[in-house]
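The values are calculated or read from the model by the stated rules, or taken from the named source; none is laboratory data. Computed from a predicted model, the values in this text were never measured in an experiment. Cβ placement follows ideal geometry from the backbone for every residue including glycine, while neighbour counts extend to all protein chains displayed.
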Amino acid sequence: MEMASSSGWSSALVGGADTIVARSSPAGRGGLALIRVSGRETRALAEAVIPELDMNRGWRASLVELRSTDGERIDRAVALPYPAPRSYTGEDMLEVMVHGSPWIIRATIEAFVAAGARRAGPGEFTRRAVANGKLDLVQAEAINELTSAETACQARVARAQVEGLLSREFAELRGTLVDLLAEIEGALDFSHQDIPFDVDSAENRRQKGLTQVGALLATASKGRRIRDGVRVVIVGPPNSGKSTLFNLLVGQERAIVSPHPGTTRDVVEADLEVAGVRLILKDTAGLGATSDPVEREGVRRARGAAADADAVLLLWPADGARDTVPAAAENQPTLMVRSKWDLAGADEIPNGWTVVSCKTGEGVGELRNALSRMVEAEVADVGGEIAIAERHRRALEVAAAELEGADFSLPEVGAEAVRGALEAVRELTGEVGTEDLLDRIFSSFCVGK
Amino acid sequence: MGEAFDLVVVGAGHAGCEAAGAAARMGARVAVVTLHNHTIAQMPCNPAMGGIGKGHLLAEIDALGGLQGWAADRAGIQFKTLNASRGPAVWGPRAQCDKARYSEIMRRVLFGLSRLTIIEGEVIGLLSDDGAVVGVRLADGRRFRARSTILTTGTFLGGVLHSGDERRPGGRFGERPSIGLGAELAGLGLVLRRFKTGTPPRLKRSSLDFDRLGVQHGDREPRPFSWRSRSVRNRISCWVTRTPERVQTIIEENIHRSPLFSGAIEGVGPRYCPSIEDKVVRFPHHREHTVFLEPEGLATESVYVNGLSTSLPHDVQEAVVHAVPGLEVAEFLRHGYAVEYDMVAPGQVGMDLGCRDVPGLALAGQVLGTSGYEEAAALGFLAGVNAVLAGRGEDLFCPAREDSYVGVLVDDLVTRDHVEPYRMFTSRAEHRLLLGVDSARERLMGEGVRLGLVRPVAFHVEQTRWNARNQAKSTLEGVCLNPDRATRAAVVQACGIEFKTPATWAQLLRRQDVDLDRAGRNIPELSSLTDEDRRIVVGSLRYEGYLDRHRREIERVRRLRGVKLPGDLDPGAIPGLSREVVEQLERHRPATLADAERLPGMTPAATAILAGRLARSGADS
């Protein structure tokens, strides 16, 4: 079966002919490790490795003795059987919690393999869950996101998607398109039975579909910001204290700080979590005229980073000679900060500015709050816990384009467009799909999921 | 032992006539066994041939050299193209026929074929030899041997007629059913299923109140179905009325007396051709239902009441009909009834309509679970042609679904499970835009010539026509117009629209504000064509864009179709296929990878595994 194995784990999708085993807890040393077995032969395998286990006592943990096929004791462990179909994969499943020793883990897996199991490929458990209808493709995608979620917001969105929130939205959109298509087809095939084609009604349905697609697409940038992080760039003139502020916010001496203007040449990045959202903070070279070619490149990169950013933190030294501030960014929300406030010698805070002194710590709390508010605004509550991912965006854009182009003046032509939109949505939910797509989705999974 | 034939066709309905006609004209010695000579090519239900989907089949049968379209042209008394305001892909040519004349014309054709023998009698059994069917046995003791036998028994296998609480055995009004044959088929291991269909009452024309009925005329310029026909003409009008709300009450009060709802009928009827009692129960929010009144011929008083199919008791039928405006004093010539019958589950035949497990036996028409004269004729034609080709040892004729509605019909029947009588719709064809009646001859007439059923000279006449259309289309797509003052004025003059950026005629003609009538007169590429060809060219211009998408998909499917699955393939021995997929492959035994791909439960992954397996075994050998 070269064909199947070269294209990932195709055979698993067509129903899981064999029984698989893998460690589901992360690699490395830990107190305990979880080993999963799934497939038709799970009962037989359990009998070989854990003779005392009663697979019929489902969903209850028991303390058992694990033995290798030649009878050697491996560990005393907790075993938890899940008879089909009430299991994660929908097949007979067994979870064994062993002590976290690398040898015990290896020996346990080898015992199952010796009894007839195959080592699972990446994402194979989830793939079987999809094949057996326990999860749809959209839910399965989110399993990976849920297990790798690092911020509260990522976990919240991924959990909602695993629970089917996004799947339901897609199903509703699909319903609208099917209704629309049925209306057109009915009018075409039954026009002799006095069923007229109601263009207005079709038009209404199309608008409804477009509204649904539009609402989902509106969550795309939010989805990207939650998944990949909100990009905030610090810009300002040379020596305005950007790197000092950067290090203060990150909580580490990441960027080199010196009293000389033009110290920072390249863009320096760091991750932090603000208001439950991942934030990618970038420190840049000071914006100013310079003859040094390296520094000039730094300025170019700084402008590029600012143009790509979701938000900009504009720093202007309070002792700055000029009062006119250049616009650093055109479209992005910008937080304007007067740095080195301790040198200002003024009490009155200029309108629209946040003031900060990294030296005295004055205003840093304020600044954090302002940053927090700005980030929250960036992942505004468009669509609640719904936030589509890149793959969804591409498919929905195809659907939107098809619907936009649907011409109902010739219903058979309009039907083609609606079919195109429907096809895009069905591919989205995995109803139809190419093997490439499935392999792409599951290749990002690690073994044991 | 009686005479020996190449082919015995059992039944002389629309499937039987096409099967026997095609085979005899291809040179085979054919016997047709019919219960009565006078019931050959009867139209036992509606008086119309063609329509949407069905008209597509009719056009294809005609292009291949079949008889139905030609006969309908001669028996037609009102011609109308349905969906005429849409593009050419969904035009549905339809003719109301004089039923008696249709039957007479077809009878004359069959009797005129020298290699064809018509035998009056009842087939009660099959002759078999070592598991193969080698002929038929008649009730009067006669036996006819043949290399192939085609069963086209319609609704006669185990037929039961229902009208209210009355039920009696029958294949059709006034005719006995066939009892023994069904048991014999079951004995051969074929799976039979129970289906149901129905027909409305017939009323006396002179008893209708025409002042209260709307009139429905045929087309102003009626078009024939067949390339063999020069012209046709309208001789009658039809009428239209609507059921009032009171009908709903009458039916609701008597619904317990309907065999459909009392449980007397177990067979499954077609959803899309529901009886009036079905409509009232299933669509209670529809207060009115349209009723068309269609004369069944020039010389007969009989009028078919399209829309009031029913098997309610006679007194209820009368109350319903008399409640309808225009029918208050209508006289019944015959009451509506339902018929329940055995059909052979079509998954048991191959794309050539031969039974997979019973050599020598093929099936066609309603006995395979279809509904309609055109579906029956298409299947009969294929079965007849393939019986001859198989006898000669030549390649069988199995049109693919991407090439024709005939292909869609057979493919759907053979590879899908069916719970109700199968009727053709344009929405069943995924490549609908490429399969219009306008392109039927271009697609299939060449096949008709190869089969020996179309004269080459007729092919060349038609070829000139489609070449002219294609030429006009490519000129319109190729010539670019510049928006200079003179050209713009000329375009406004020609078709009434302004344009500002360079465009081809094709792009301008696709616009919705274009005046097509004017364009047809003023643009030379169009004005040189006939009116019909002009509409075909302009209509298909608007399909551009979507057509490319279909051509790409067809390319892909054709590649898969090129990968044959060996007859001795053992799906169970291929690792990685799920049990469900293995079962599907074993049950349907697809001939090519394209057929396999369409089986239910077949995932892209399973197709890939199968493809890999075939590629490997190909390399081994």
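Quick notes on this one:
- One residue stands out in region B:306-333 among those that are out of contact with any Ser or Thr (no Cβ under 7 Å at 6 or more places or on another chain) and within 14 Å of chain A (Cβ to nearest Cβ): the one that is nearest to B:Met49 (Cα to Cα), namely B:Asn306.
- Filter pass, B:Ala89 being under 24 Å from B:Phe459 (Cβ atoms), surrounded by 24 or more Cβ atoms within 10 Å (Cβ to Cβ), modelled with pLDDT of 95 or more and away from chain A (no Cβ under 14 Å): no
- Residues in region A:328-339 include none that are at pLDDT below 80, charged (D, E, K, R) and in contact with a Leu (Cβ under 8 Å, 6 or more places away or on another chain).
- Residue count for region A:188-204 under the criterion of being surrounded by 21 or more Cβ atoms within 10 Å (Cβ to Cβ) and more than 9 Å from chain B (Cβ to nearest Cβ): the result is 1.
- Every residue from region B:371-430 that is in contact with a His (Cβ under 6 Å, 6 or more places away or on another chain) and among the hydroxyl-bearing types (Ser, Thr, Tyr): B:Tyr373, B:Tyr405, B:Thr415
- Note on region B:484-527: residues that are touching a strand residue (DSSP E or B) at 6+ places or on another chain (Cβ under 8 Å) and without any contact (Cβ under 8 Å) to a residue 12 or more places away in the chain total 1.
- Reported count of residues in region B:462-488, each being aliphatic (A, V, I, L, M) and either surrounded by fewer than 11 Cβ atoms within 10 Å (Cβ to Cβ) or touching a Lys or Arg at 6+ places or on another chain (Cβ under 9 Å) (or both), is 3.
- Members of region B:394-412 found to be hydrophobic (A, V, I, L, M, F, W, C) and not in a helix (DSSP H, G or I), listed by number: B:Leu396, B:Phe397, B:Cys398, B:Ala400
- Of the residues making up region A:405-420, those that are free of Cβ contacts under 8 Å to residues at least 40 places away in the same chain and in a helix (DSSP H, G or I) are A:Val413, A:Glu416, A:Ala417, A:Gly420.
- Residue match in region B:142-156 (condition: more than 14 Å from chain A (Cβ to nearest Cβ), in a strand (DSSP E or B), without any contact (Cβ under 8 Å) to a residue 24 or more places away in the chain and within 24 Å of B:Tyr341 (Cβ to Cβ)): no
- Test for B:Thr464: is it in contact with a strand residue (DSSP E or B) (Cβ under 8 Å, 6 or more places away or on another chain) and either among the charged types (D, E, K, R) or over 30 Å from B:Ala383 (Cβ atoms) (or both): no
- Residues of region A:373-409 that are within 14 Å of chain B (Cβ to nearest Cβ) and buried (at least 19 other Cβ atoms within 10 Å of the Cβ): A:Glu402, A:Ala406, A:Phe408.
- Any chance B:Gly448 is surrounded by 15 or more Cβ atoms within 10 Å (Cβ to Cβ) and modelled with pLDDT under 90: no
- If you check B:Ile574, B:Ile554 for being in contact (Cβ under 8 Å) with a residue 24 or more places away in the chain, crowded, with 16+ Cβ neighbours inside 10 Å, more than 16 Å from B:Val414 (Cβ to Cβ) and more than 12 Å from chain A (Cβ to nearest Cβ), only one passes: B:Ile554.
- Screening B:Lys279 with (1) in contact (Cβ under 8 Å) with a residue 12 or more places away in the chain; (2) within 14 Å of chain A (Cβ to nearest Cβ) gives one miss only, at (1).
- Scanning region B:506-522 for residues that are assigned to a helix (DSSP H, G or I) and among the acidic types (Asp, Glu) yields a single hit, B:Asp517.
- Taking (1) part of a helix (DSSP H, G or I); (2) in contact with a Lys or Arg (Cβ under 7 Å, 6 or more places away or on another chain) in turn, A:Glu150 satisfies each apart from (1).
- Lone unmet requirement of (1) assigned to a helix (DSSP H, G or I); (2) touching a Pro at 6+ places or on another chain (Cβ under 8 Å); (3) in contact (Cβ under 8 Å) with a residue 60 or more places away in the chain for B:Gln248: (3)
- Residue count for region B:578-594 under the criterion of being away from chain A (no Cβ under 14 Å), assigned to a helix (DSSP H, G or I) and surrounded by 19 or more Cβ atoms within 10 Å (Cβ to Cβ): the result is 2.
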